[in-house]
């Protein structure tokens, strides 16, 4: 991949899109992970205003600290950026107190966290008239659907959604993203512990990317036992999460009934 040219392409795309929409800036949620670090940096490189939100919800210190480290790095290098810490833990705890206990399983409440952050991003974006920039990559958004519907999937634009996770790491290296983020294990940050994406999915991103490309390119070579296992994981996740990746189904009424 020609990292420098890809960076220029995305920055120009962001700049043109915002200018055509008469929008002066972007809002990006900063998680302490590689995707949000790359996305926010690309937004900053447009020269337009960028609001950076660190939104901890019972967050492990490592994620919280990496988010702040990246925000400080961006503010030092790009005067058009401004970071905020929006602690959503009290709000989340209030929600937990209001919801019936019998619906508060771990996955449900993890998704509530993502949707609470989406609401916060749009509060800032709506007030300033900015766009919410999504941080999802290709294998997450269009492969295994590893995102929360109307949570981190609720965005205005997706600058890195045509990049595989491994390509995002290449871009991060070219951009000089802080080392702690480049070496951290990818995580969605929706759990009290520091579990990684691999812990949840059962496969690494390079393995998932292989499965996605194998299917897209209609490859036919024999698979190893591990490749078969990864393929099963990929297909299962893809099938279960198609509702996130496809348009909302609409019940069309025949004209004869109107």
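Values in this text are rule-based calculations from the coordinates and carry no lab data. Since the structure is predicted, the reported quantities are computational estimates derived from the model, not experimental observations. Counting neighbours? That spans all protein chains shown, and the Cβs are built from the backbone with ideal geometry, glycine included.
Numbers at a glance
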{"quantity": "Separation in nanometres of the label points that stand 7 Å from Cα toward Cβ, at residue 72 and residue 107", "calculated": "3.8 nm"}
{"quantity": "Hull shadow area, averaged, the range 124-258 [alpha-carbon convex hull, nm²]", "calculated": "13.5 nm²"}
{"quantity": "Sequence of 152, 194 once ranked by neighbouring C-beta atoms within 10 Å, starting from the fewest", "calculated": "194, 152"}
{"quantity": "Reciprocal mean inverse distance between Cα atoms of the range 76-202 - Kirkwood radius, Å", "calculated": "16.5 Å"}
{"quantity": "Contour minus Cα-Cα distance for residue 216 and residue 65 (0.36 nm per residue)", "calculated": "50.5 nm"}
{"quantity": "Ascending count of other beta-carbon atoms within 10 Å, so fewest first, for 96, 251", "calculated": "251, 96"}
{"quantity": "For 128, 70, 252, order by how many other beta-carbon atoms lie within 10 Å, fewest first", "calculated": "252, 128, 70"}
{"quantity": "Overall form of the range 1-130 per C-alpha gyration tensor (a/c, 1.5; a/b vs b/c)", "calculated": "prolate"}
{"quantity": "Backbone N under 18 Å from the residue 166 label point (7 Å along Cα→Cβ), restricted to the range 27-63", "calculated": "34-35"}
{"quantity": "Mean ellipticity per residue at 222 nm, deg cm²/dmol - from DSSP H runs of n ≥ 4 across the chain, formula -39500 (n - 2.57)", "calculated": "-15500 deg cm²/dmol"}
{"quantity": "Full-stretch length increase - residue 119, residue 227 - with 0.36 nm per residue and alpha-carbon distance subtracted", "calculated": "35.0 nm"}
{"quantity": "Descending semi-axes in Å of the range 172-242, equivalent ellipsoid built from Cα gyration tensor", "calculated": "26, 17, 11"}
{"quantity": "Answer label for volume of the Cα convex hull per residue in Å³ (calculated), chosen among (i) 162; (ii) 185; (iii) 115", "calculated": "(ii)"}
